[in-house]
1. Find all pairs meeting these conditions: Cβ atoms under 8 angstrom apart; at least six residues apart or on different chains; first residue within the range 370-381 and without any contact (Cβ under 8 Å) to a residue 40 or more places away in the chain and at positive phi; second residue open to solvent by 30 Å² or more (accessible area, probe 1.4 Å) and in a loop (DSSP other than H, G, I, E, B).
2. Quick one: in the range 162-176, which of the residues that are surrounded by fewer than 19 Cβ atoms within 10 Å (Cβ to Cβ) and part of a helix (DSSP H, G or I) is modelled with the lowest pLDDT?
3. Test V219 against the stated conditions and say whether it is open to solvent by less than 60 Å² (accessible area, probe 1.4 Å) and either part of a helix (DSSP H, G or I) or free of Cβ contacts under 8 Å to residues at least 24 places away in the same chain (or both).
4. Scan the range 412-463 for residues that are in a helix (DSSP H, G or I) and of a type in the set (S, T, Y) and jot them down.
5. Going through the range 321-350 one residue at a time, which ones are over 21 Å from L378 (Cα atoms) and either open to solvent by 50 Å² or more (accessible area, probe 1.4 Å) or outside any loop (DSSP other than H, G, I, E, B) (or both)?
Amino acid sequence: MLTAELNQLLKKKRIVPAADLEKLNSDWAALKTPMPWEDFLLEKKALSEDQLLKLKSDELEVPVVDLRDKELAEDVLNYVPEPIARRHQVISFAKVKDELSLAMTDPSDLQTKEFIKKKTGLDIKVFLIGKTSLNHGLSKYHTNLEGEIKHMVAENKAAGEAAGGGDELKKMAEEIPIIRVVDTLLDYAVIEKASDIHIEPQETSVAVRYRIDGVLHDVMTLPKAIQAALVARIKVLANLKIDEHRLPQDGRYKIEKDGYKFSLRISTIPIFDGEKVVIRLLDESSKAMSLEQLGFLNDQLDVVNRNVHKPHGMMLITGPTGSGKSTSLYALLTILNTKTVNISTIEDPVEYRIVGANQMQVNPKIGLTFALGLRALLRQDPNIIMIGEIRDQETAEEAMHAAMTGHIVLSTLHTNSASAAPPRLIDIGIEPYLIASTLNAIMAQRLVRVICQDCKVEDKPDPATFESLKKQFNMDSLMAVLKKQDLAGKATNVSELPFFVGKGCDKCGNTGYKGRIGVHEILENTPEIEDLIVNRATSQDIEAEAVKHGMITMWQDGFIKAVKGVTTIEEILRVTKE
């Protein structure tokens, strides 16, 4: 239940005096560590858990259930995997024919209900549950999983010591409990839209972490005894060598989950306490997003559309690993994808399938590199070429010559800003005149987390924060940009503007964030920029010239989104520096 809705109910029912409620709201807003509003009320003993449950039950018209006096059958409990139960605070506690009863702290969470309905194929009946009762239900998972793992270890005479024999490991990898653990990890990754699963062996346990919205979260700690079998199970799925523990290995496989297709890239490396495994999840069923969905401003969209529709030349997207470069490339290809053009790509890996495009995947093991693939593509006379990444001089030269000879070339480069791309290409070994004459535009980007809209509140940073910002960023130039975007209102300086944060709630896992969006800067090539490139100017000089011509820098774009309530100042500071 949203904070505002609960406050209205408390006032209406007169459970908490108006003056006390106002003071509680003020104290909650001043918290340095985010806490859900309901938990805060209970901690301050403003009302009891039973009072809170009755209030919500009457309003939502959902019955209350207490699991402490119920026998929880293992097969019913396992309809909802443990990580999902903990993250979304939901327990499956009864099944009658085709109806599954769910106990939820937030019965209005439609996404979780639909996921479980689709996964189980059962009709769902929802009940309201309190935190005390929920914790009792969650404790049953630990008991059941521990029991299964102990049974498996006993069957295999200590799985942790079996790392030497490939046949024994393969047998362990096919045990039901290990299959269940791996399936549970994948189920959780799917519903949480995690991009990576990290399985990290430690001295006495195995830590499991997930990268969600670009940030790693601790999710589960597994017994050390199942480490060897767990890694073996993943290796079997990815067709890796089970008995090779001393060398890194890479593999991949595909799964289908609840109507979605996922391509999984597996990487194992030997570390002191065993083998660390990272699984990258790529949703093959997802469609390329539009530039508007990716967070581009109207002014930036004008620059992109003006340059992407030129008859030839190159557009580069720059940024570190995991900054969304590939997603932006696919968005550009979607704009250009018509029946009158031939689009060819060379990628590592192919992350999205584009109908009508000819997509090639590099394979260094057999010598199919970006440069070799690009030369082959050019012999087939494509109109538009997308190169996953420019890594070396050979690939860069082939791309530049393709852009000069009538092709539209899109690619990515690892630099921290748009203005750093030309000097980087020069360092690779490309002649400055070639860069100046072929580059149409360069786009740099980062990904910031989006404030959870269910717990967003206005937050005014203290004066010390603004003093710190002044030392890092040019606040005068920011105000000029905000005025041009009609976002400054009557404010005369940045400290008078509204900013926002997420207080943390059940729907965002108490992080205050849900989802990500891009912050960008787009450097358009002009005669002045060309002269600077030819004369081997520094990235600072190139950026200064671009700003003169109206380029909104990445950090300015971030502050625009912060003022709009899309993200926070902390996120801008995390991903950008002047």
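1. That search, which allows pairs on different chains as well, returns D381/N342.
2. G166
3. On the way: open to solvent by less than 60 Å² (accessible area, probe 1.4 Å): yes; either part of a helix (DSSP H, G or I) or free of Cβ contacts under 8 Å to residues at least 24 places away in the same chain (or both): no.
Answer is no for this residue.
4. Step one: of the range 412-463, the residues in a helix (DSSP H, G or I) are 421-428, 432-438, 463.
Scanning the range 412-463 gives Y433, S437, T438.
5. Those that are over 21 Å from L378 (Cα atoms) and either open to solvent by 50 Å² or more (accessible area, probe 1.4 Å) or outside any loop (DSSP other than H, G, I, E, B) (or both): T321, G322, K325, S326, T327, S328, A331, I335.
Okay, residues lined up against (1) of a type in the set (D, E, K, R); (2) over 30 Å from E524 (Cα atoms); (3) assigned to a helix (DSSP H, G or I):
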residue: N239; (1), (2), (3): no, yes, no
residue: E244; (1), (2), (3): yes, yes, no
residue: D250; (1), (2), (3): yes, yes, no
residue: Y253; (1), (2), (3): no, yes, no
residue: F262; (1), (2), (3): no, yes, no
residue: P270; (1), (2), (3): no, yes, no
residue: L281; (1), (2), (3): no, yes, no
residue: L291; (1), (2), (3): no, no, no
residue: G295; (1), (2), (3): no, no, no
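Let's see how each residue does on (1) surrounded by fewer than 12 Cβ atoms within 10 Å (Cβ to Cβ); (2) within 17 Å of the chain's Cα centre (by Cα); (3) at pLDDT 90 or above; (4) aromatic (F, W, Y):
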site	(1), (2), (3), (4)
R246	yes, no, yes, no
G274	no, no, yes, no
S286	no, yes, no, no
L297	no, no, yes, no
H309	yes, no, yes, no
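Each row is one residue, and each column tells you yes or no for (1) closer than 30 Å to A189 by Cβ; (2) at pLDDT 90 or above.
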residue: E61; (1), (2): no, no
residue: I84; (1), (2): yes, no
residue: V96; (1), (2): no, yes
residue: K119; (1), (2): yes, no
residue: D123; (1), (2): yes, yes
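The values are calculated or read from the model by the stated rules, or taken from the named source; none is laboratory data. Note that this is a predicted model, so its numbers are computed, not measured. Positions of Cβ are backbone-derived with ideal geometry, glycine not excepted, and every protein chain shown enters the neighbour counts. Surface accessibility is based on the protein's heavy atoms, side chains included, excluding ligands, DNA and RNA. Shrake-Rupley method; radii C 1.70, N 1.55, O 1.52, S 1.80 Å.
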